[in-house]
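Colleague: After the structure tokens below, expect a handful of questions from me.
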Amino acid sequence: MQRAGMRQLRQLGARLLNAGLSNSAAQGVPPPASLPGQALRATQVAAAQRGGLCAPAATRRHSTAAAATSSAAAEQLAADAAAGSNYGAQQIQVLQGLEPVRKRPGMYIGSTGQRGLHHLVYEILDNAIDEVQAGFASEVFVELDLTTGTVTISDNGRGIPTDVHPATGKSALETVLTVLHAGGKFGGESSGYSVSGGLHGVGVSVVNALSKDLEVTVWRGGRQLSQSFSRGMAQGGLTEAPAGPAVAGLAAVPTRGTRVRFVYDDTIFSKTATFDPDTIRSRLRELAFLNSRATIFFRAVDGKPDKAALGNGSSNGSNGSNGATQQAADAAAVAGSASVAAAEAAAAGWEVFHYSGGLSEYVRYLNRDKEPIHEPFVFSKQVDGYTVEVAMQWCGDAFSDTIIGFVNSIKTIDGGTHIDGTKTALTRTVNSLARKTKALKEGEANLAGEYIREGLGAVVSVKVPNPEFEGQTKTRLGNPEVRRLVEGVVASEVAEALEMEPTTLNMVLAKAMQAFRAAEAAKKARELVRRKSVLTKSTLPGKLADCSSTNREETEIFLVEGDSAGGSTKQARDRRTQAVLPLRGKILNVERQDDSKLYKNNEIANLIVGLGLGLKGEDSPSLRYGKVIILTDADVDGAHIRTLLLTFLFRYQRALFERGHVYVGVPPLYKLEMGRRSQYCYTEEERTAATAQLTPGSYHVQRFKGLGEMMPEQLWQTTLNPATRTLRKLTIEDAAEASHMFALLMGDKVGPRRELIERHGSRLSLEQLDI
């Protein structure tokens, strides 16, 4: 849940980032409106009996927790022994049809939260894009109805075959919808696609299994055929109807194509899972960049007047523009070359994604908040049935790299052999050119890859006939031959491009050398911090109140602001598993500083040593705690401090988010006292609902402006106790968008941040501003 309101307009930027920290709505409070670039996500991981009546003062926790653990272990051993004596063939379950998907949905879509919900959309969307890649489709329509949870995706491709399949005796359409591992994308001469994102023949059948209702309509051979399903089961056979429009509200009738409309099964997914239009929009934009000949249309409907499209549209190469002027431009852009339906959609206000510049436009979009030092290098090459497409551009004011990989238009968020090949080729090629131009003298060590890639934005897209992904969610490519191919193509093309532009080569080498010198200075500063720790015979910060447990998985550390909050938290905590590190004031904004200044800053040095973060950007096996919990006050300064800490953790050790170590604590905003009874309220909405039925004067409301105002027992009960507290787990859904948002909010460019505030300031009312 979101903290109540955004307090001052000068801090709106910080609040926008932290507005992303809620996609679970407990206690009936709806999630906040999603924001552009909302790539840093939060999942509410624990919330028990919040807002209920306050219990009497709790006894101390250590002996009680130990006794409960011992008792639970004994009961589990007894249950296991009883179950083992009755274990026979009748206990072996054989799941039929789509039952495995409904039984273990996480195996197929990753989770039953918002990410899994979006994965359903991507599975259907990827099928439409496969038709685009095969050259049979040019338009894709995606519509979200946020009031009913209905998703409709249509394309003008060949249409799913509807004739009878010889192996199943059912139509091919019903076969691919109800049988796992049935599809036309297994490769070979009998495959319907030479290259595709679909591989296992389970995508559309998984969506069918996890949908309360699903309807497929096919336009093929001059006929319109439809079939309905519910929770994986066909609700009758194919039915034919007079040909009608594929997209609601548009008059154009297609001659071919497929439309899939589904409503997810709310008995499978989390009660708080909802579609985020910005996340879907970001994926559509990526696909439009990758498939420059395609036009993708998007609309999100929320049932409110004059709000058909939510969020910020971004189309035809524009960055975030919206409104009548943009809609007119969209209509003009597609009217001349696209279908009647496309022209109608653009004129009707659908968002249009079409980028004729392809990857060149994509890399410009990635670097939109930076200062490039050259025009993008773009190259495409086919080798032995594989296609390698790369666009890259270095920026002078960036201190990290952003390399995004795609395989058959599937985003590989965990990288893979294509990304490894690109990095290796860049390191080898730039070092070779540095020696050739005498920038590196004989006897000097080669520049490390991380220095060469500093400031680089790149998109690597490969088309692979038989890709090997890790699991159905396809987050990492494993084909070893792809690394060799990509490495060879990138090495030769980058070498030629840099040799043709010696000025660019000199600037890239100068930036790499500057990065190397900054790293050396940071190393010396880091060693100074380390020696200082050794000399004072204390390897941990003096203000750190450590826990006694050495089992990292059960320990957690609270990062709190100031000695007052630190004192209360130290008294309230469970000393066995909970550590506390108070911070003095606002830490350094690392977005505007080089590495050497990080280690010279006392608070940053304390964080690095106290948490065991190790070296910047490297794996940190020395991480000392399983959970890093940011716990700040519910005011403007607290939001700013939280944003500064998130910026530091993201830039210094991004892997903490990827591995699920970072959390945000949620303290209450109010205490409602009604005689001897009391209740904690965590949002303005909760307080309003709690006082609506009370007589004025019969209650007293206390506003907690700081953690230091709470008694230790109150702090334990509401914020620290794992059984009753609420934590938000932060993960990265889109690293590039998260990086852009941090640069936008915390960077030194004022103009883009002012534009963001002006664009979203209308979401606030004067009552929400604490001025």
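The values are calculated or read from the model by the stated rules, or taken from the named source; none is laboratory data. Nothing here was measured: the structure is a model prediction, and the numbers come from that model. Cβ atoms come from the backbone with ideal geometry, glycine included; neighbour counts cover every protein chain shown.
Colleague: Kindly indicate whether any position in the stretch 289-300 is at pLDDT below 50 and part of a helix (DSSP H, G or I).
Modeller: No.
Colleague: Among the residues of the stretch 381-411, how many are closer than 18 Å to residue 495 by Cβ and without any contact (Cβ under 8 Å) to a residue 12 or more places away in the chain?
Modeller: The qualifying residues number 0.
Colleague: Does residue 439 satisfy being surrounded by 17 or more Cβ atoms within 10 Å (Cβ to Cβ) and of a type outside the set (S, T, N, Q)?
Modeller: Values: surrounded by 17 or more Cβ atoms within 10 Å (Cβ to Cβ): yes; of a type outside the set (S, T, N, Q): yes.
Judged against the criteria, residue 439 is a match.
Colleague: Looking for whichever is at pLDDT below 90 and not acidic (Asp, Glu) here; the options are 381, 370. Which one fits?
Modeller: Residue meeting the stated conditions: 370.
Colleague: Another question about this same structure. Looking for something farther than 19 Å from residue 625 by Cα, touching a residue at least 40 places away in the same chain (Cβ under 8 Å) and touching a helix residue (DSSP H, G or I) at 6+ places or on another chain (Cβ under 6 Å) - is there at least one such residue anywhere in the stretch 654-670?
Modeller: yes
Colleague: Identify, by number, the condition in (1) surrounded by fewer than 22 Cβ atoms within 10 Å (Cβ to Cβ); (2) closer than 25 Å to residue 561 by Cα that residue 680 doesn't meet.
Modeller: Of everything listed in (1) surrounded by fewer than 22 Cβ atoms within 10 Å (Cβ to Cβ); (2) closer than 25 Å to residue 561 by Cα, residue 680 misses just condition (1).
Colleague: Then there's this: Of a type in the set (Gly, Ala, Ser), at pLDDT below 90 and under 27 Å from residue 108 (Cβ atoms), is that true of residue 471?
Modeller: Answer is yes for this residue.
Colleague: With the structure loaded, tell me whether residue 449 is in the same structural domain as residue 374 (by TED's automatic domain parsing) and touching a Cys at 6+ places or on another chain (Cβ under 8 Å) or whether it fails that test.
Modeller: When the stated conditions are applied, residue 449 does not pass them.
Colleague: Confirm whether residue 248 is among the aliphatic types (A, V, I, L, M), at pLDDT below 80 and not assigned by TED's automatic domain parsing to the domain that holds residue 385.
Modeller: yes
Colleague: Moving to a separate point now. Give the residue that is surrounded by the fewest Cβ atoms within 10 Å (Cβ to Cβ), with candidates limited to residues of the stretch 156-174 that are under 39 Å from the mean Cα position of the chain (by Cα) and either aliphatic (A, V, I, L, M) or not in a loop (DSSP other than H, G, I, E, B) (or both).
Modeller: 172
Colleague: Further question: Keeping to the stretch 470-498, report how many residues are farther than 15 Å from residue 420 by Cβ and either in a loop (DSSP other than H, G, I, E, B) or touching a residue at least 60 places away in the same chain (Cβ under 8 Å) (or both). Write out each step before concluding.
Modeller: Within the stretch 470-498, the subset farther than 15 Å from residue 420 by Cβ is 471-474, 492-498.
With either in a loop (DSSP other than H, G, I, E, B) or touching a residue at least 60 places away in the same chain (Cβ under 8 Å) (or both) added as a condition, the list becomes 471-474, 493-495, 497-498.
Summing the residues that are farther than 15 Å from residue 420 by Cβ and either in a loop (DSSP other than H, G, I, E, B) or touching a residue at least 60 places away in the same chain (Cβ under 8 Å) (or both) in the stretch 470-498 gives 9.
Colleague: Assess whether residue 678 counts as being among the small types (Gly, Ala, Ser) and at pLDDT 85 or above.
Modeller: Judged against the criteria, residue 678 is a match.
Let's see how each residue does on (1) under 23 Å from residue 733 (Cα atoms); (2) aliphatic (A, V, I, L, M):
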| position | (1), (2) |
| --- | --- |
| 395 | no, no |
| 408 | yes, no |
| 418 | yes, no |
| 429 | no, no |
| 433 | no, yes |
| 446 | no, no |
| 457 | yes, no |
| 460 | yes, yes |
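Colleague: Hey, another quick one. Identify, please: which residue in the stretch 365-395 is among the basic types (Lys, Arg) and over 20 Å from residue 500 (Cβ atoms) and is, among those, farthest from the chain's Cα centre (by Cα)?
Modeller: 370
Colleague: Output the residue which, of all residues in the stretch 258-282 that are surrounded by fewer than 22 Cβ atoms within 10 Å (Cβ to Cβ) and among the basic types (Lys, Arg), is modelled with the highest pLDDT.
Modeller: For the stretch 258-282, the residue satisfying everything is 261.
Colleague: Given (1) modelled with pLDDT under 90; (2) not in a helix (DSSP H, G or I), identify the lone condition not met by residue 722.
Modeller: Looking at each condition in turn, residue 722 falls short on (1).
Colleague: Of the conditions (1) touching a helix residue (DSSP H, G or I) at 6+ places or on another chain (Cβ under 9 Å); (2) without any contact (Cβ under 8 Å) to a residue 24 or more places away in the chain, residue 226 satisfies every one except a single condition; which number is it?
Modeller: Every listed condition holds for residue 226 apart from (1).
Okay, residues lined up against (1) in a strand (DSSP E or B); (2) hydrophobic (A, V, I, L, M, F, W, C); (3) at pLDDT 70 or above; (4) under 30 Å from the mean Cα position of the chain (by Cα):
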position	(1), (2), (3), (4)
176	no, yes, yes, yes
180	no, yes, yes, yes
185	no, no, no, yes
188	no, no, no, no
192	no, no, no, no
198	no, no, no, yes
201	no, no, no, yes
204	no, yes, yes, yes
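Colleague: Continuing with the same structure: For a quick check of your reading: which helices (runs of 4 or more DSSP H) sit entirely within the stretch 78-150 and have at least 3 residues that are farther than 18 Å from residue 206 by Cβ and either over 23 Å from the mean Cα position of the chain (by Cα) or modelled with pLDDT under 85 (or both)? Let's see the steps before the verdict.
Modeller: Values: elements: 99-103, 106-109, 114-133.
Counting at least 3 such residues, we get 114-133.
Colleague: Look through the stretch 442-470, keep the residues that are within 28 Å of the chain's Cα centre (by Cα) and of a type in the set (S, T, N, Q), and return whichever of them is surrounded by the most Cβ atoms within 10 Å (Cβ to Cβ).
Modeller: Restricting to residues being within 28 Å of the chain's Cα centre (by Cα) and of a type in the set (S, T, N, Q), the top hit is 461.
Let's see how each residue does on (1) in the same structural domain as residue 628 (by TED's automatic domain parsing); (2) at pLDDT 60 or above; (3) touching a strand residue (DSSP E or B) at 6+ places or on another chain (Cβ under 7 Å):
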| position | (1), (2), (3) |
| --- | --- |
| 525 | no, yes, no |
| 531 | no, no, no |
| 544 | yes, yes, yes |
| 547 | yes, yes, yes |
| 550 | yes, yes, no |
| 554 | yes, yes, no |
| 559 | yes, yes, yes |
| 563 | yes, yes, yes |
| 567 | yes, yes, no |
